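First the structure, in the form of structure tokens, and then the observations on it.
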Amino acid sequence: MEPQVLTEAPPRVAASKPCMVCGTNDCEIFYEVHGVPTQTGILWPTHEAALHAPFTDVRLSFCPHCHFIVNEAYEPAKITHTRNDFSLEFSPSFKAFTDGLGQDLVQRYGLEEKRVVDIGCGDGDFLRTLLRAGMNSGLGIDPGYAPREGQTDPQGLEFVKEFFGPDKADKLRGAELISCRHMLDIMAGNQAEFVRMLRRAIPEGEQPLVYFEVPNALYNIGEQVVWNIVNEHSAWFTPQSLAYLFRSCGFEVLEVQPCWHGEYISLVARPAGMPLEDPASLPPTHDPTTPVAVRAFTAAADKVIAQWQLRVEELRSSGKHVVIWAAGSRAITFLNTFDLNDAVVAVVDINPRRQGQFMPRTAHPVVAPEQLMTYRPDVVFISNPTYAPEIQEQARQLGFRGEFLML
């Protein structure tokens with residue numbers, strides 16, 4: 001089933017629900033797409049299972065007051081967080097980013113020999129990074145935590161394989177840093193309720209640094225990266241709306257800014273008072289560029305998809321063998337938007353845990369880089385240009401002499 005983007009959606013369709021962050025009732029629907037895979041962090045173990053992977057819709061709603069964006073069509077029952085694999089730590093450039101981030105946090109905020117709690121820690125990569133940077137103990141909380149084969153953890157590192165909730169408040173005691181990366185945007189519940197719960201869970205009198213990181217809505221919507229608009233993201237934030245959320249929930253925002261080539265937003269905050277009784281009492285977000293980008297997005301997305309439809313037809317008619325490199329959200333959305341079953345022979349991914357799996361709905365096999373040349377590709381299609389230099393270098397080292405195409 002191919003997704004169908006609405007081409008003539010009116011610019012201001014009233015949303016059916018009030019804003020989760022500020023509670024105002026004038027939210028508006030600005031983008032819809034149908035028949036998309038429910039999750040891009042999950043690949044499938046067999047060709048048959050992949051063909052029958054579940055699918056759903058996306059319906060994005062924008063709040064003009066605080067600029068929070070939510071997927072109104074999000075269905076928690078179709079989502080699992082117990083076997084996601086989003087890890088980008090196998091990429092040298094991304095590893096350099098997280099290493100630098102850990103060192104910067106530790107050095108700038110005097111966190112040497114301090115304790116960290118990482119909520120939504122995944123495989124624990126960032127925790128290990130922080131301990132290497134100088135912190136002396138850490139706790140990771142994540143229902144999907146799974147140690148890698150042969151992984152040896154430093155002393156002082158432990159994990160709780162559960163969701164974080166009020167019953168885990170005691171785990172925060174004595175932490176000088178609470179980190180949470182790329183969880184707030186994919187959580188099944190209300191983002192504002194979660195941040196308020198976190199604020200109340202911080203022990204009285206303690207002032208831990210709080211570090212959150214989420215995808216940047218302005219990058220994806222402003223730059224028309226339609227391939228990143230996936231169901232897994234139950235919410236999207238701009239720098240201003242993320243700051244609004246934390247201020248309304250009882251935090252002093254010390255810093256909020258784009259990071260990782262503008263694709264993400266990082267926020268640093270500390271506890272300051274308690275959550276506001278009326279979040280809408282904060283002044284409205286002053287950022288004229290976001291409403292303009294939001295209201296232009298459907299038409300812009302249609303144009304991007306139409307342009308790629310022409311290129312896809314050229315690829316199909318050429319008879320060339322295409323291998324897509326990187327089995328993440330962009331590749332999954334792209335393959336589910338167009339009929340490329342004949343042209344695309346495989347998808348390469350450097351993450352060993354994704355290799356041997358199959359892409360949802362299209363069932364393309366995911367293979368290791370070392371298998372690239374067995375598919376005799378004429379074109380290597382790079383699904384995320386951010387990683388283009390390292391992908392091109394690795395492909396050339398493996399013997400590829402054909403054409404590179406960027407999404």
Q. Would it be correct to say that VAL225 is open to solvent by 10 Å² or more (accessible area, probe 1.4 Å), under 16 Å from the mean Cα position of the chain (by Cα) and either at negative phi or of a type in the set (Ser, Thr, Tyr) (or both)?
A. yes
(Q) Restricting to segment 145-195, name every residue that is assigned to a loop (DSSP other than H, G, I, E, B), in contact (Cβ under 8 Å) with a residue 12 or more places away in the chain and among the β-branched types (Val, Ile, Thr). (A) ILE186
(Q) Give me the residue from segment 292-315 that is within 22 Å of the chain's Cα centre (by Cα) and open to solvent by 20 Å² or more (accessible area, probe 1.4 Å) and, out of that set, farthest from ILE221 (Cα to Cα). (A) ILE305
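Limited to segment 100-135, what total is found for residues that are buried (at least 16 other Cβ atoms within 10 Å of the Cβ) and at negative phi?
Step one: of segment 100-135, the residues buried (at least 16 other Cβ atoms within 10 Å of the Cβ) are 101-102, 105-106, 109, 111, 114-131, 133-135.
Restricting the remaining residues to those that are at negative phi gives 101-102, 105-106, 109, 111, 114-119, 121, 123, 125-131, 133, 135.
Here the count works out to 23.
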Q | segment 14-41, subset modelled with pLDDT under 90 and among the hydrophobic types (A, V, I, L, M, F, W, C), residue least open to solvent (accessible area, probe 1.4 Å) | A | ALA15
(Q) Just to verify a result, which residue in segment 144-166, among those that are of a type in the set (Phe, Trp, Tyr) and in contact with a Phe, Trp or Tyr (Cβ under 6 Å, 6 or more places away or on another chain), is nearest to GLY41 (Cα to Cα)? (A) TYR145
Q | Matching strands (runs of 3 or more DSSP E) fully within segment 339-407 where at least 2 residues are closer than 23 Å to LEU51 by Cβ and open to solvent by less than 30 Å² (accessible area, probe 1.4 Å) | A | 344-348
Q.
Looking only at segment 62-75, how many residues end up being over 18 Å from the mean Cα position of the chain (by Cα) and crowded, with 20+ Cβ neighbours inside 10 Å?
A. 5
Q: Restricting attention to segment 196-212, report how many residues are buried (at least 21 other Cβ atoms within 10 Å of the Cβ) and either β-branched (Val, Ile, Thr) or not in a helix (DSSP H, G or I) (or both).
A: 5
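Can you tell which of ASP123, ASP142, ASP104 is without any contact (Cβ under 8 Å) to a residue 12 or more places away in the chain and either farther than 14 Å from PRO208 by Cβ or of a type in the set (Ser, Thr, Tyr) (or both)? Let's see the steps before the verdict.
Working: ASP123 fails: without any contact (Cβ under 8 Å) to a residue 12 or more places away in the chain; ASP142 fails: without any contact (Cβ under 8 Å) to a residue 12 or more places away in the chain.
Going through ASP123, ASP142, ASP104 in turn, just one is without any contact (Cβ under 8 Å) to a residue 12 or more places away in the chain and either farther than 14 Å from PRO208 by Cβ or of a type in the set (Ser, Thr, Tyr) (or both): ASP104.
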**Q.** Selection status of VAL366, in contact with a His (Cβ under 9 Å, 6 or more places away or on another chain), at pLDDT 95 or above and among the hydrophobic types (A, V, I, L, M, F, W, C)
**A.** no
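Looking at segment 255-264, can you tell me whether even one residue there is part of a loop (DSSP other than H, G, I, E, B), small (Gly, Ala, Ser) and open to solvent by 40 Å² or more (accessible area, probe 1.4 Å)?
For segment 255-264, residues part of a loop (DSSP other than H, G, I, E, B), small (Gly, Ala, Ser) and open to solvent by 40 Å² or more (accessible area, probe 1.4 Å): absent.
The values are calculated or read from the model by the stated rules, or taken from the named source; none is laboratory data. Everything numeric in this text was worked out from a predicted model, so none of it was measured. Every residue, glycine among them, receives a Cβ derived from its backbone with ideal geometry; neighbour counts consider all protein chains shown. In case anyone asks, the SASA skips ligands and DNA or RNA and just uses the protein heavy atoms, side chains included. Shrake-Rupley method; radii C 1.70, N 1.55, O 1.52, S 1.80 Å.
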